[in-house]
Amino acid sequence: MDRLVVISGIGCTGRASGYFAADSYHTTHGRAIAFASGVKVANPDLKPVVISGDGDLFAIGGNHFIHAARRNVDMLVLCVNNFNYGMTGGQMGPTTPDSAITVTSPDGNIEHPFNLVSVAAASGAVFVARWTALHARRLTKSIEKALQKKGFKFIEVISPCPTLYDRYNRYGSGLDVMKKYREISVIRNFTDPMKAEIDYRTRIVCGEFVDTEKPEFTDLLAQQSDRLQKR
Amino acid sequence: MQKAVLTGERFTQGDIAAAEGALAAGCRFFAGYPITPATEIAERMAYRLPRIGGRYIQMEDEIASCTAVVGASYAGVKSMTATSGPGVSLMNETIGLAVMTETPMVLVNVMRGGPSTGQPTEASQSDIMQAKWGSHGDYEIIALIPSSVQEMFDLTIQAFNLSERFRVPAFVLADEIIGHMRERLVIPPEDEIEIVNRKKPTVPPEEYLPFKAEEDLVPPMATFGEGYHFYATGLTHDERGYPVMDEEAQLALVPRLCDKIRKNADKITRAENTETEDAEILLVAYGGEARTALRAVKDARANGIKIGLFRPISVWPFPKEQLKEAAANAQHVVVAELNYGQLVGEVERVIRNEVPVHLIPRVCGTPHTPDELMKEIRRRIN
Amino acid sequence: MLTRQERTPIIPEEEQATKYQIIVNEDWCKGCGFCYSFCPREVLEKSTRFNSKGYYPPEAVNIDRCVGCGLCEALCPDFAIHVEEKKAKIKAKKGDK
């Protein structure tokens, strides 16, 4: 527990870091991963866990995400994806599905959303999984598994936003949305993340899609530094 | 294994002196992004840090660089970044976070001409106000301005010491002249370099309040991984570190963040006087421009003109008392700076219309020559 | 293969009445209904009384059926429900033997 550092950005999920009886830090919007990189590189014994939302990690923080994944910096990134900016009142974001109604896409979203697991896999994450908030136990197992692995790990958690996104789009209460998850989600481990469908209305493909090994950044830094210090 | 402190004399560049100063101060983490004219600092750190057991990481942008530095500092390692004005523009977001979470860290800004991309390879001092007011909200910061390669080394160490002492980001505000200049640097023996480290908590974790200040208004700082299990946030917070959105919390926090610098200003501010005792004309100049100014003052003195030079070494906090003292006999105060008028406002606030304050601005990317400067001074006081 | 003599018969333990208890911090509940809607053993139900915020918290109406899977606890967005093993009771029973 002393080695755990929980780091979050801004938003509904950004508050998560304050709920832990562990070392924790609440950064500015989008910067949790950059902060975690600093923590990990400065003290490789620490285990950073980033918990944040889809807007925080993939819009304002998108650049940090792809580069930390590319470097394979050891950290677990948990993204709670509720398809909109909830804290600020339900605006569209990088994951808002096509034609969805939000306060800043009142006539239907015309942007193409990110498929987060595909972005993570393409950027070089060594572990990529997706679950919904209903898959609490499978999600817990994936988190346990990811924490045992070294490298950049990514888990997407599809989550209801009953007060804003789900209401604007008439998906009903949080409970209705959770029931919908039960109805439409399928578990397909090791599906190609590019093909891991995510459609709020028809099909959500869940599972662990990537589980691979790759040299980790701080290990490589240490190896190089050790070699240079012997000279 | 290479040594962290390269004791001895060498002929070197300002940027490299800043990097060596950082290493001598105990810096073992650097995160940065290439930018002219500060890149040499990153290059030096990329070469030196892994050889002495430190860590260099090149980030994806300046926002990430500055944020990684805050993370590294919270992980217990003295950390820094180096950039130029456009990079500071991006870092300002995180500078605010660092101020709010009271993070010791050093930023070297080797100033170039702006606005925007401006003049990347030319000298400028136009980020003086950016250093103070760059991020939003009320806060105080520390900024030191070196005037020589030696000072690049010395002031980088002092920036680390002050930053650790007061848990606030500290700038080394160099201009391109000093950053790229090569001259003699003397690095003293390691045991002669004064090093200040942040205050650590003396209470057990269950009694630790991460933002409870001591008498000097600075709270002791725990490090991640030590078992203190504390929380820090950019939101307004109480002594426990948890967000509190009321009047009382803001009132307890923001004035303290400012006052820990304002009320300790006498321990931070520094300035240098040359021939100011009987000076009727007080020339104020800093950084690269102060070198020209010094020559101009010496030449003018040889011609019987009672002129002196006041060189602020800390610009933030501004050395008000030292300036008042230096200007005691002055009939004219002349501020020469490589911008269109920035620090002159601060000088005017101190002099308060008691005597005329003149500005000699310069925005073309090079400093004045001593003759040009003297000509400009004469034009203004006659 | 074990010989007939080596084998020990499997005798099912006596079923213990209540192994788990469910603790609800009623005032933290916002009545989302996740716990009782997804309980695989139908242990929980929406109660008929409401909490200080005006929501109906869950109630363990079939606690005997609880297998301690903890799904209600994991799903609760408000950390308002906890499943606990009644360790003391089980120990006491074993001690009796």
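Right, residue A:70: crowded, with 19+ Cβ neighbours inside 10 Å, within 14 Å of another protein chain (Cβ to nearest Cβ) and charged (D, E, K, R) or not?
Numbers: crowded, with 19+ Cβ neighbours inside 10 Å: no; within 14 Å of another protein chain (Cβ to nearest Cβ): yes; charged (D, E, K, R): yes.
Here the answer is no, as residue A:70 does not meet what is asked.
Pick from B:88, B:99: which is β-branched (Val, Ile, Thr), at pLDDT 95 or above, over 19 Å from residue B:167 (Cβ atoms) and assigned by TED's automatic domain parsing to the domain that holds residue B:139?
Working: B:99 fails: over 19 Å from residue B:167 (Cβ atoms).
B:88 is the lone residue from the list that is β-branched (Val, Ile, Thr), at pLDDT 95 or above, over 19 Å from residue B:167 (Cβ atoms) and assigned by TED's automatic domain parsing to the domain that holds residue B:139.
Is it the case that some residue within region B:370-378 is outside the structural domain of residue B:145 (by TED's automatic domain parsing), within 25 Å of residue B:171 (Cβ to Cβ) and charged (D, E, K, R)?
Within region B:370-378 (the criterion being outside the structural domain of residue B:145 (by TED's automatic domain parsing), within 25 Å of residue B:171 (Cβ to Cβ) and charged (D, E, K, R)), the answer is no, since none of the residues qualifies.
Please verify whether residue A:138 is within 13 Å of chain C (Cβ to nearest Cβ), of a type in the set (D, E, K, R) and surrounded by fewer than 22 Cβ atoms within 10 Å (Cβ to Cβ), treating the condition exactly as stated. Before you say what the answer is, go through the steps one by one.
Numbers: within 13 Å of chain C (Cβ to nearest Cβ): yes; of a type in the set (D, E, K, R): yes; surrounded by fewer than 22 Cβ atoms within 10 Å (Cβ to Cβ): yes.
So residue A:138 fits the description; yes.
Could you please let me know if residue A:149 is away from every other protein chain (no Cβ under 14 Å) and basic (Lys, Arg)? Spell out the reasoning first.
Values: away from every other protein chain (no Cβ under 14 Å): yes; basic (Lys, Arg): yes.
So residue A:149 fits the description; yes.
Which is out of contact with any strand residue (DSSP E or B) (no Cβ under 6 Å at 6 or more places or on another chain) and either farther than 30 Å from residue B:104 by Cβ or in the same structural domain as residue B:171 (by TED's automatic domain parsing) (or both), of B:256, B:262, B:295? Reasoning before the result, please.
Details: B:256 fails: either farther than 30 Å from residue B:104 by Cβ or in the same structural domain as residue B:171 (by TED's automatic domain parsing) (or both); B:262 fails: either farther than 30 Å from residue B:104 by Cβ or in the same structural domain as residue B:171 (by TED's automatic domain parsing) (or both).
None of the other options fit; the residue is B:295.
Would you check if there is a residue in region A:16-33 being more than 21 Å from residue A:88 (Cβ to Cβ), basic (Lys, Arg) and within 18 Å of the chain's Cα centre (by Cα)?
no
Yes/no matrix, rows are residues, columns are (1) closer than 25 Å to residue B:350 by Cβ; (2) among the aromatic types (Phe, Trp, Tyr):
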site: B:240; (1), (2): no, no
site: B:248; (1), (2): no, no
site: B:262; (1), (2): yes, no
site: B:267; (1), (2): yes, no
site: B:278; (1), (2): yes, no
site: B:297; (1), (2): yes, no
site: B:318; (1), (2): yes, yes
site: B:326; (1), (2): yes, no
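Quick one: in region A:182-231, of everything that is in contact (Cβ under 8 Å) with a residue 12 or more places away in the chain and within 14 Å of chain B (Cβ to nearest Cβ), which residue is farthest from residue A:130 (Cα to Cα)? Talk me through it step by step, then tell me what you get.
Step one: list which residues in region A:182-231 are in contact (Cβ under 8 Å) with a residue 12 or more places away in the chain, which gives A:182, A:184-194, A:196, A:198-219, A:221-222.
With the extra rule that they be within 14 Å of chain B (Cβ to nearest Cβ), the set shrinks to A:216-219, A:221-222.
Working: A:216: 22, A:217: 24, A:218: 26, A:219: 27, A:221: 30, A:222: 32 Å.
It comes out as A:222.
Can we say residue A:41 is more than 8 Å from chain B (Cβ to nearest Cβ) and under 19 Å from residue B:94 (Cα atoms)? Walk me through it before giving the result.
Values: more than 8 Å from chain B (Cβ to nearest Cβ): no; under 19 Å from residue B:94 (Cα atoms): yes.
It is false that residue A:41 is more than 8 Å from chain B (Cβ to nearest Cβ) and under 19 Å from residue B:94 (Cα atoms).
Just to verify a result, which residue in region C:3-33, among those that are more than 30 Å from residue C:54 (Cα to Cα) and of a type in the set (A, V, I, L, M, F, W, C), is modelled with the highest pLDDT?
Ranking the qualifying residues of region C:3-33, first place goes to C:10.
Taking only region A:1-46 into account, find how many residues are in a helix (DSSP H, G or I), among the aliphatic types (A, V, I, L, M) and crowded, with 24+ Cβ neighbours inside 10 Å. Full working, then the answer.
Applying the first criterion (in a helix (DSSP H, G or I)) to region A:1-46 yields A:13-19, A:32-42.
Going one step further and asking which of them are among the aliphatic types (A, V, I, L, M), we end up with A:16, A:32-34, A:36, A:39, A:41-42.
So of that shortlist, the ones also crowded, with 24+ Cβ neighbours inside 10 Å come out as A:32-34, A:36, A:39, A:41-42.
Counting residues in region A:1-46 that are in a helix (DSSP H, G or I), among the aliphatic types (A, V, I, L, M) and crowded, with 24+ Cβ neighbours inside 10 Å gives 7.
Rundown of residues vs (1) more than 14 Å from chain C (Cβ to nearest Cβ); (2) at pLDDT below 95; (3) farther than 30 Å from residue A:72 by Cβ, yes/no style:
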residue: A:95; (1), (2), (3): yes, no, no
residue: A:109; (1), (2), (3): yes, no, yes
residue: A:119; (1), (2), (3): yes, no, no
residue: A:132; (1), (2), (3): no, no, no
residue: A:154; (1), (2), (3): yes, no, no
residue: A:177; (1), (2), (3): no, no, yes
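Answer with yes or no whether residue B:111 is within 13 Å of another protein chain (Cβ to nearest Cβ), crowded, with 24+ Cβ neighbours inside 10 Å and within 17 Å of residue B:174 (Cβ to Cβ). Talk me through it step by step, then tell me what you get.
Working: within 13 Å of another protein chain (Cβ to nearest Cβ): no; crowded, with 24+ Cβ neighbours inside 10 Å: yes; within 17 Å of residue B:174 (Cβ to Cβ): yes.
In short, no.
Only residues that are over 17 Å from residue C:35 (Cα atoms) and touching a residue at least 24 places away in the same chain (Cβ under 8 Å): list them for region A:132-148, please.
Passing the criteria: A:142, A:143, A:145, A:146, A:147.
State all residues of region A:8-37 that are more than 18 Å from residue B:236 (Cβ to Cβ), at the interface with chain B (Cβ under 7 Å from one of its Cβ atoms), touching a strand residue (DSSP E or B) at 6+ places or on another chain (Cβ under 6 Å) and free of Cβ contacts under 8 Å to residues at least 24 places away in the same chain; if no residue qualifies, say none.
Passing the criteria: A:22, A:23.
Can you confirm whether residue C:36 is of a type in the set (Phe, Trp, Tyr), under 16 Å from residue C:72 (Cα atoms) and at pLDDT below 95?
On the way: of a type in the set (Phe, Trp, Tyr): yes; under 16 Å from residue C:72 (Cα atoms): yes; at pLDDT below 95: no.
Answer is no for this residue.
Inside region B:206-305, counting only helices (runs of 4 or more DSSP H) that do not spill past its ends, which hold 2 or more residues that are of a type outside the set (Lys, Arg), closer than 30 Å to residue B:76 by Cβ and more than 14 Å from chain A (Cβ to nearest Cβ)? Full working, then the answer.
Details: elements: B:247-262, B:265-268, B:287-302.
By residue number, B:247-262, B:265-268.
Only helices (runs of 4 or more DSSP H) wholly contained in region B:121-200 count here; list those with 1 or more residues that are acidic (Asp, Glu) and in the same structural domain as residue B:27 (by TED's automatic domain parsing). Don't jump to the end; show me each part of the working.
Details: elements: B:128-133, B:149-166, B:176-180.
Of the helices (runs of 4 or more DSSP H) lying wholly inside region B:121-200, those with at least 1 residues that are acidic (Asp, Glu) and in the same structural domain as residue B:27 (by TED's automatic domain parsing) span B:149-166, B:176-180.
Test each condition in (1) more than 17 Å from residue A:25 (Cα to Cα); (2) surrounded by 17 or more Cβ atoms within 10 Å (Cβ to Cβ); (3) not charged (D, E, K, R) for residue B:204 and report the one that comes out false.
It is condition (2) that residue B:204 fails.
Looking at region B:184-230, which of its residues are over 22 Å from the mean Cα position of the chain (by Cα) and at positive phi?
Listed by number, the residues that qualify are B:225, B:227, B:229.
Pull up region A:89-131, narrow it to residues that are touching a residue at least 12 places away in the same chain (Cβ under 8 Å) and of a type in the set (Ser, Thr, Tyr), then point me to the one that is nearest to residue A:69 (Cα to Cα).
A:123
In region C:78-91, which residues are at pLDDT 90 or above and either more than 13 Å from every other protein chain (Cβ to nearest Cβ) or surrounded by 15 or more Cβ atoms within 10 Å (Cβ to Cβ) (or both)?
In the first step, residues of region C:78-91 are kept if they are at pLDDT 90 or above; the result is C:78-84.
Passing the criteria: C:80, C:81, C:82, C:83, C:84.
How about region A:200-219: which of its residues are surrounded by 12 or more Cβ atoms within 10 Å (Cβ to Cβ) and within 30 Å of residue B:55 (Cα to Cα)?
Listed by number, the residues that qualify are A:210, A:211, A:212, A:214, A:216, A:217, A:218, A:219.
Can you find a residue that is β-branched (Val, Ile, Thr), within 15 Å of the chain's Cα centre (by Cα), more than 14 Å from chain A (Cβ to nearest Cβ) and within 28 Å of residue B:347 (Cβ to Cβ) anywhere in region B:124-132?
The initial filter retains those residues of region B:124-132 that are β-branched (Val, Ile, Thr), namely B:128.
Retained after the next criterion (residues that are within 15 Å of the chain's Cα centre (by Cα)): B:128.
Of the ones still in play, those that are also more than 14 Å from chain A (Cβ to nearest Cβ) are B:128.
Checking the rest, the ones that are also within 28 Å of residue B:347 (Cβ to Cβ) come to B:128.
Among the residues of region B:124-132, at least one is β-branched (Val, Ile, Thr), within 15 Å of the chain's Cα centre (by Cα), more than 14 Å from chain A (Cβ to nearest Cβ) and within 28 Å of residue B:347 (Cβ to Cβ), which makes the answer yes.
The values are calculated or read from the model by the stated rules, or taken from the named source; none is laboratory data. Values in this document were obtained by computation on a predicted structure and should not be read as measured data. A quick note on method: Cβ atoms are made from the backbone with ideal geometry, for glycine too, and the neighbour counts reach across all protein chains shown.
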